[in-house]
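All remarks here apply to the structure that follows.
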Amino acid sequence: MGAALGGGEMEETDRRPAAFQTLYTAGHRVELAATKLGPGLPGFQAYHTSVVVDDIEFAFSGDGICYGPGLMSHRMLPDEVKVTYMGLTSITGDSMRSTLKQFFDRGTYDLLRKNCNSFSDCSLYFLLDCRLDPGYRGLEQLGHMADKRGGIVQAITGGDYRPNVKANEFSVERCIRHVNKIKSGPLFVK
């Protein structure tokens with residue numbers, strides 16, 4: 001059985017996706033919470049996303065992985081939060097948080113390269129073997145490319161955005177590969 005990676009790559013695994021493991025036993029409900037940020041550009045919109053497991057929200061910020069009841073990370077945002085049911089999993093939110101913590105530590109947040117959407121993408125993959133819809137990441141990826149090539153985002157923000165050097169080594173795809181190894185291993189605990 002193959003597991004989809006970004007860019008159409010497939011990685012072979014011998015494990016059943018977590019969502020399939022709930023066919024005969026109760027599972028944990030997984031939802032995606034998304035709120036639009038700002039007006040966006042034609043064809044591009046910025047979002048704040050988080051993942052909810054059994055009514056506990058998990059979000060990534062400068063403080064690392066934050067979690068608690070309700071949609072705390074969306075409360076101060078002006079637009080309405082949209083919550084989408086994603087599926088059931090046999091994996092707990094605590095297991096997801098403790099596994100992904102090494103990738104999403106305090107002080108490693110970067111607005112364009114390692115943010116809430118990066119975390120939601122990796123969390124959804126850990127919990128359900130599915131990826132975050134790329135539309136949630138379009139504007140940040142465009143901004144990253146523009147800033148990487150000419151410091152455009154830094155210039156537009158008057159220096160308010162500065163790339164976080166602690167995010168330099170992060171890669172969503174590397175995190176996904178690590179998750180595959182962990183979940184395929186004999187010591188994986190849900």
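Bear in mind that the values in this text are calculations on the coordinates, not laboratory data. Computed from a predicted structure; not experimentally measured. Don't worry about glycine lacking a Cβ; one is built from the backbone with ideal geometry, like all the others, and counts go over all protein chains shown.
Electrostatic bookkeeping for PHE58 treats Lys and Arg as +1 and Asp and Glu as -1; over the other residues with beta carbon under 15 Å from its beta carbon, the sum is -4.
Here the residues SER61, SER90, SER123, ranked from fewest to most Cβ neighbours within 10 Å of their Cβ, fall in the order SER61, SER90, SER123.
In what order do VAL51, VAL83, VAL172, VAL30 fall by count of nearby beta-carbon atoms within 10 Å, going from fewest to most? It would help to have the intermediate numbers written out before the result.
Details: VAL51 29, VAL83 15, VAL172 21, VAL30 25.
Starting with the residue having the fewest Cβ neighbours, the order is VAL83, VAL172, VAL30, VAL51.
Rounded to the nearest 0.05, the FRET efficiency derived from the C-beta distance between ARG131 and PHE44 at R0 = 22 Å is 0.75.
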